[in-house]
Amino acid sequence: MIAIPSMSFQIHNTLSRRKEEFRSLQPGIVRMYNCGPTVYSRAHIGNMRTFLLADLLRRWLELSGYEVRQVMNITDVGHLTDDDAGEGEDKIEAQARREKRDPWEISRGYTELFLSDLAKLSFVPPLVHPRASEHVPEMLEMIEGLIAKGHAYRVGDDVYFDVKSFPRYGALSGNRVAELEAGARIAVREEKRNPEDFALWKSDPAHLMKWKSVFGEHGFPGWHIECSAMSRKHLGEQLDIHTGGEDNIFPHHECEIAQSEAFTGKTFARYWMHARFLQVDGGKMSKRLGNCYSLDDVVAKGYEPRHLRYCLIRGHYRQPLNFTWGILEECRSALESLDDFVRRLRVAAAAGGPARGEELVAAARASFDAAMDDDLNTPSALAAVFALRGATLEDRLGPQAAHAALGFLERVHAALGVLRLEQQNLDQQVEGLIRARLAARKAKDFAAADRLRGELVALGIALEDTPRGVLWKRADGTGGGPIQ
Ligand code: AMP
Ligand code: ZN
């Protein structure tokens, strides 16, 4: 069966600066490229906000019926410390010197940590995580092609892109070449044609990660050409969606567009989406302030990765978002209240009773979908889930409606990845004790029932008697469900 993609998905396109209805180039298939991390340090929770935009898109497009070809690269060479000016040191080599280690070892180690963080945070794995260092021939092919077409030129063994050869340079960021020049914030190298021309290839005998090419013995690629070459290799010349953080708009994405479009003569990406920066304690995250928290810091304080995930998607990706430990604690409570909701729904779904409440579930599902279709409005989507929970707390759902609500929560989980839906099995000893207590209560032997409850509490199991049956719950919040 061919799924018909939803036709109402609206996304905000940085290029047009407005919301547009999403349409893929090829019916039913989405090609999406996400700028990935530079693996010179542990990804922090701000980086994760940007990567979550990619994961949310992936999930929502798939739920809407598309096949999503998703690529998220790993930058393991060529990202300079002063990337605005295209100057400075390679971030990975600088870190290698600080740690007195081999740069390849640095990038391998942080790549592994990054991939393991993504798995812990329930990211749906992309088709591929291409490494820049494994795509140098593809980059050189583009660089040589750009020279042949008159868009790039050599200065000694370096190669620069001539921004004045590409009139649309500045269309994404709104920067005008003339204004950039007037700002003169770019270190001017005499031999460059224009001060804002950026490097496609750099030569440096002292660089440890280096390649031989027609430009000389010791060279390495510029950061921007990496993404142009990797996206072309894995997704072809034209993308549907390209994502990154707000700081990637300029220069990184502006330069990617110039390189790719000058090389292919085609529109590179149709929709550009950028996540706003996460703040911590109301301010900028910085190494100096020691607030570049990683997933490990969150877990070390006793939180689950999904608590952080929730914390990062509770705000809309284009709005400012703040992180504090207090907010994370509130996120934990919010998710626990949803775990509790799931347990109650399981009881209601298994119990008898008249049909009622179907319309509440249908309304929640409609507002959830409408919110996600509206440029991934996750706060409104979550509000729809909490509204359903609020409206149905007093057992206002019949068995069918409770069943439908559980189905709706499965959809919510497929879209957001934060709920706990799996039914946890009780071990036999615990189940035996619960059943023995039920039997004691039936026989009105309340002393025995209380003693059995005490034994269960000692095993870390809390019980709640509801009109429809007994709910059990582990004291540590993991799992729970009904016993009939
Ligand atoms: P980097 O590893 O430095 O290349 O950063 C990886 C991604 O994280 C980039 O797309 C950045 O735009 C993004 N990023 C960096 N800092 C933050 C932040 N505080 N909040 C959200 N995204 C960020
Ligand atoms: Zn990129």
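The values are calculated or read from the model by the stated rules, or taken from the named source; none is laboratory data. A quick note: this is a predicted structure, and the numbers were derived from the prediction, not measured. Cβ: placed from backbone, ideal geometry, glycine included. Neighbour counts: every protein chain shown. Keep in mind that these areas ignore ligands, DNA and RNA; they rest on the heavy atoms of the full protein, side chains included. Shrake-Rupley method; radii C 1.70, N 1.55, O 1.52, S 1.80 Å.
Considering amide H positions built from the backbone, and no H for Pro or chain starts, which residues 5 or more places from Thr466, or on another chain, come under 5 Å of its amide H? Counting only residues 5 or more places away or on other chains, the set is Leu471.
Taking label points 7 Å from Cα along the Cα-to-Cβ direction, Arg97 and Asp476 give a separation of 4.6 nm. Relative contact order of the stretch 297-416, taken over Cα pairs closer than 8 Å and 6 or more residues apart, is 31 percent. In this structure the amide hydrogen of Leu15, modeled in the peptide plane, comes within under 5 Å of the amide hydrogens of Trp272, none closer than 5 places in sequence on its chain. For the stretch 403-429 and the stretch 40-85, what is the centre-to-centre distance using only Cα atoms, to the nearest Å? Measuring centre to centre over Cα atoms gives 27 Å. Axis angle, to the nearest 10 degrees, between helix 399-416 and the longest C-alpha principal axis of the chain: 20 degrees.
Taking every alpha-carbon pair in the stretch 239-299 and binning the separations at 10 Å intervals from zero gives 19, 36, 22, 18, 5 percent.
At the listed q of 0.12, 0.25 Å⁻¹, the Debye profile of the stretch 428-483, built from one uniform point per Cα, gives log10 I(q)/I(0) equal to -0.24, -1.03. Computed log10 I(q)/I(0) for the stretch 10-275 at 0.08, 0.10 Å⁻¹: -0.31, -0.48, from the Debye equation with unit scatterers placed on every C-alpha and solvent omitted. Unpaired Cys in the chain, meaning no second Cys C-beta under 4.7 Å: Cys35, Cys227, Cys255, Cys292.
Highest first, please rank the peptides 148-159, 267-278 by the mean number of other Cβ atoms sitting within 10 Å of their residues.
Highest mean packing first, the order is 267-278, 148-159.
Before I look further, what does the stretch 297-416 give for accessible area per residue, probe 1.4 Å, in whole square angstrom?
Averaged over the residues of the stretch 297-416, the accessible area is 38 Å².
Rg and Dmax over the alpha-carbon atoms of the chain stand at 27.0, 95 Å.
Secondary structure note: in the chain, about 60% of the DSSP beta bridges are antiparallel. Working note: Karplus 6.51/-1.76/1.60 with θ = phi - 60° gives the stretch 340-352 the couplings 5, 4, 4, 4, 5, 5, 5, 4, 5, 5, 8, 7, x Hz, where Gly and Pro are set to x. For the stretch 121-199, the solvent-accessible area of protein heavy atoms averages 47 Å² per residue (probe radius 1.4 Å; ligands and nucleic acids excluded). In order along the stretch 375-382, the phi-based Karplus estimate (6.51 cos²θ - 1.76 cosθ + 1.60, θ = phi - 60°) of 3J(HN,Hα) comes to 6, 6, 7, 5, x, 5, 5, 5 Hz; Gly and Pro are listed as x.
Considering only Cα atoms, the convex hull volume of the stretch 297-416 works out to 97 Å³ per residue.
Could you please state how large a percent of the accessible area of the chain is carbon and sulfur, counting protein chains only and using a 1.4 Å probe?
The C+S portion of the solvent-accessible surface of the chain is 52 percent.
Using the Cβ-Cβ distance between Leu459 and Lys301 with R0 set to 30 Å, the FRET efficiency from 1/(1 + (r/R0)^6) comes to roughly 0.70. Straight-distance candidates among the lysines for linking to Lys266, with alpha-carbon spacing under 29 Å and chain neighbours fewer than 8 residues away dropped: Lys19, Lys149, Lys164, Lys192, Lys202, Lys233. Shown in residue order for the stretch 31-38 are the 3J(HN,Hα) couplings computed by the Karplus curve 6.51 cos²θ - 1.76 cosθ + 1.60 at θ = phi - 60°: 9, 10, 10, 10, 5, x, x, 9 Hz (x for Gly and Pro).
Mean silhouette area of the stretch 1-108, derived from the convex hull of its C-alpha atoms and averaged over all directions, reads 9.1 nm².
Shown here for the stretch 319-370: trypsin sites (Lys or Arg not before Pro) in loop regions (DSSP other than H, G, I, E, B) with at most 16 other Cβ atoms within 10 Å, namely Arg356. Among all the lysines, which ones have a C-alpha under 28 Å from Lys120's C-alpha, if same-chain residues fewer than 8 places away are not counted? Straight-distance partners of Lys120: Lys91, Lys284, Lys287, Lys301, Lys473.
Rounded to 0.05, the FRET efficiency of the Glu67 and Arg23 pair, given R0 = 22 Å and the Cβ-Cβ distance, is 0.90.
Kirkwood's formula applied to the C-alpha pairs of the stretch 376-473 gives a hydrodynamic radius of 16.0 angstrom.
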